[in-house]
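Accompanying notes for the structure given below.
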Amino acid sequence: MSSEKAKLSEEEMKAYRVQGFTCTNCAAIFENNVKELPGVQDAKVNFGASKVYVKGTTTIEELEKAGAFENLKIRDEKEQRVEREPFWKQKENAKVYISALLLVVSWFLGEQYGEEHVLPTIGYAASILIGGYSLFIKGLKNLSRLNFDMNTLMTIAIIGAAIIGEWGEGATVVILFAISEALERYSMDKARQSIESLMDIAPKEALIRRGNEEMMIHVDDIQVGDIMIVKPGQKLAMDGVVVKGTSTLNQAAITGESVPVMKNTDDEVFAGTLNEEGLLEVKVTKRVEDTTLSKIIHLVEEAQAERAPSQAFVDKFAKYYTPAIVILALLIAVVPPLFGGDWSQWIYQGLAVLVVGCPCALVVSTPVAVVTAIGNAAKNGVLIKGGIHLEEAGHLKAIAFDKTGTLTKGIPAVTDIVTYGGNENELMTITAAIEKGSQHPLASAIMRKAEENGSDFNDVMVEDFQSITGTGVKAKVNNEMYYVGSPALFEELHGSIESDRKQKITEMQIQGKTVMVLGTKKEILSLIAVADEIRETSKEVIGKLNNIGIETVMLTGDNQRTATAIGKQIGVSDIRADLLPEDKLNFIKELREKHQSVGMVGDGVNDAPALAASTVGVAMGGAGTDTALETADIALMSDDLSRLPYTIKLSRKALAIIKQNITFSLAIKLVALLLVMPGWLTLWIAIFADMGATLLVTLNSLRLLKIKE
């Protein structure tokens, strides 16, 4: 099914949030149960985001019945999250406490009256039934369908232990299994908290002015065009544009930027950001389901449903591994006694192999790491759109950067003013007044500089304005004819440029600056150097990437001289200039042949082909730009490159943790299976191996929550 089709069908489906998933297997059973409900045409479970999408008609009660086997709680997607009770108070853990108490009492009775006595046996049996009844129901159901999952294996092992008289061990296995399930539930909830906390960022109500009336309205009822009043210290409930007021906004929740950003009239603002000191009036531009925050949550949840490549390997492996373990356990239980071994001893060993063979840790090894990493990234202003992109980012060997707007600010600015006679401010005013009539992109840089200097160039009378094709403009100011243009224009006008001025122009050009000249027919009055300013973070980011062994390449349509000057300043390892969009695309293909894994960082609009051709396309400034969110595999929500090294660090760490988890899950099984040879494998060692592996794998994955910049 194509992702487009999946999206379409998801939109037609009603979404519900699910609480209580512990493993991918339970999610699959729940999905099948929901599909079988009357009135339901189709259902799809997203384990990572803990959601179920239902096509057709059903109720929350019906869905909870379908999830009763795992005590799942269902709520409407838009419904507020209910604060969960503390872990130790949760109802589903009560049976563990009672079962454990019965086990301890039975053990004391066994010490008192001997293990064979009826009292400890009754105690152990009660402990098994209370702690394991839900497990047995699932296990026996699966056994009748010949579906060998974890519950089936555990049910066979516990019933088998009781049959051969190992009541105490059977009860211990039940309790350890129940504890392991409870802890798994706790750690999965912890992994998902990143998304849950994102959902709670924006308020559910806002103060709206309609006509002359101000009222508190639920976000679902706010219309596009409403005026939202945001007081100091309040969070914004909706996306919009400031129509009145000035304030600084803390946008960390959306963009990951820790420094508050100044917002004035006509500036775009986002739901979930915090208004710090001023009173703002904001015109709402998007409905609640279309806000940038809603998009982030939706994309993160979709991303967590995407299967990472290692997940596909694990699932395929588990498919053959579980039946193989059942056959192995059967052979261990039956073959040695046929050659004179003790039946009860080898049946016991076979049961222990069943328990140790549970593929729990292996199955959970990848999804927990992926869910945790993607959630952490979203909280830090980075949108990773799937487990596959998370893994690919960890493999990157080279990253290509678009220059304009990515490594540089994309806005030309005046960097140097050199005057030869006359007052600098006066000459700047004349230049800005003349350039006001020009269409040249550098004209705006000169006008901005004049404004900064406090010049009122709008009042200057400009006459006889004329454009000189390709080289500049001329106009009369105070009855004097002035020329503004490239050095080539003045070489034409004056025959040649004086050597000291020529030298200064060349010096500035070597630095990658474009030089504009102001003068008359007789002399040069001033030189103005304009350059696309380098972002403050570019040099540091490129340095960090070079240090971790990533080849950095700058791609630009600029001329070689300017590109070399900027590239050297930033510190990239390779510079490619004079490129058209298709050249960028071809260069990315070349890089991929050389390195296999190549990233491309751009602004997501004109770089779309190159972003698509790279292994991992990274878009800058995802907040507010739909194109960036749609075309890229990873979107840096702030217009800030400093998130890139963090993303690479997180992806590499996630890859390492997934590898550790898979290796550890398989190694611990292997060690436990080797204990069968001398007959040392006991049921409680087997369950400890399984439970310990699952918990360690989950806790290891939760380390990804700690990764900061």
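Picking from 219, 282, which residue would you name as being surrounded by 13 or more Cβ atoms within 10 Å (Cβ to Cβ) and more than 28 Å from the chain's Cα centre (by Cα)? First the steps, then the outcome.
On the way: 219 fails: more than 28 Å from the chain's Cα centre (by Cα).
Only one candidate passes the filter, namely 282.
With respect to residue 185, determine if the residue is crowded, with 21+ Cβ neighbours inside 10 Å, basic (Lys, Arg), within 41 Å of the chain's Cα centre (by Cα) and modelled with pLDDT under 80. Considered against the rule, which asks whether it is crowded, with 21+ Cβ neighbours inside 10 Å, basic (Lys, Arg), within 41 Å of the chain's Cα centre (by Cα) and modelled with pLDDT under 80, residue 185 comes out as yes. Applying the criterion of at least 2 residues that are of a type outside the set (A, V, I, L, M) to the strands (runs of 3 or more DSSP E) found wholly in the range 206-249 leaves 213-218, 240-244. The residue that is farthest from residue 328 (Cα to Cα), counting only those in the range 658-702 that are open to solvent by 20 Å² or more (accessible area, probe 1.4 Å) and of a type in the set (S, T, N, Q), is 700.
A count restricted to the range 124-149 and to residues that are closer than 18 Å to residue 165 by Cα and in contact (Cβ under 8 Å) with a residue 40 or more places away in the chain stands at 5. Remark: residue 404 falls outside the filter, which requires a residue to be without any contact (Cβ under 8 Å) to a residue 60 or more places away in the chain and either within 30 Å of residue 698 (Cα to Cα) or outside any strand (DSSP E or B) (or both). Under the condition of being in contact (Cβ under 8 Å) with a residue 12 or more places away in the chain and surrounded by fewer than 20 Cβ atoms within 10 Å (Cβ to Cβ), which residue from the range 526-543 is nearest to residue 432 (Cα to Cα)? Among those that are in contact (Cβ under 8 Å) with a residue 12 or more places away in the chain and surrounded by fewer than 20 Cβ atoms within 10 Å (Cβ to Cβ), it is 533. Here the condition is being over 19 Å from residue 522 (Cα atoms) and not in a loop (DSSP other than H, G, I, E, B); of 481, 447, it holds for 447 alone.
Somewhere in the range 36-43, is a residue touching a residue at least 24 places away in the same chain (Cβ under 8 Å), of a type in the set (Asp, Glu) and more than 27 Å from residue 318 (Cβ to Cβ)? No; the residues of the range 36-43 include none that is touching a residue at least 24 places away in the same chain (Cβ under 8 Å), of a type in the set (Asp, Glu) and more than 27 Å from residue 318 (Cβ to Cβ).
Considering only residues in the range 317-334 that are of a type in the set (A, V, I, L, M) and open to solvent by less than 60 Å² (accessible area, probe 1.4 Å), the one that is farthest from the chain's Cα centre (by Cα) turns out to be 334.
Within the range 565-582, restricting attention to residues that are at pLDDT below 85 and open to solvent by 50 Å² or more (accessible area, probe 1.4 Å), the residue that is farthest from the chain's Cα centre (by Cα) is 578. Residues that are acidic (Asp, Glu) and surrounded by fewer than 18 Cβ atoms within 10 Å (Cβ to Cβ) do not occur anywhere in the range 369-391.
Within the range 266-279, can one find any residue that is in contact (Cβ under 8 Å) with a residue 60 or more places away in the chain and part of a helix (DSSP H, G or I)? Scanning the range 266-279, I find no residue that is in contact (Cβ under 8 Å) with a residue 60 or more places away in the chain and part of a helix (DSSP H, G or I), so the answer is no. For the range 484-533, filtering for residues that are outside any helix (DSSP H, G or I) and more than 30 Å from residue 410 (Cα to Cα) leaves 8. Scan the range 454-475 for residues that are touching a strand residue (DSSP E or B) at 6+ places or on another chain (Cβ under 8 Å), closer than 16 Å to residue 427 by Cβ and open to solvent by less than 40 Å² (accessible area, probe 1.4 Å) and the total you get is 3.
Scan 63, 37 and give me the residue that is within 29 Å of residue 203 (Cβ to Cβ), open to solvent by less than 50 Å² (accessible area, probe 1.4 Å) and at pLDDT 90 or above.
63
Can you spot a residue in the range 347-364 that is among the β-branched types (Val, Ile, Thr), open to solvent by 50 Å² or more (accessible area, probe 1.4 Å) and over 23 Å from residue 183 (Cβ atoms)?
Yes, the conditions are met somewhere in the range 347-364.
The requirement of being surrounded by 13 or more Cβ atoms within 10 Å (Cβ to Cβ), assigned to a strand (DSSP E or B), basic (Lys, Arg) and on the phi < 0 side of the Ramachandran plot is fulfilled nowhere in the range 434-444; no residue meets it.
The values are calculated or read from the model by the stated rules, or taken from the named source; none is laboratory data. Model, not experiment: these values are computed from the prediction. Neighbour counts are summed over all protein chains in view; Cβ atoms, including those assigned to glycine, are modelled from backbone coordinates with ideal geometry. SASA here: full protein model, heavy atoms, side chains in, ligands and nucleic acids out. Shrake-Rupley method; radii C 1.70, N 1.55, O 1.52, S 1.80 Å.
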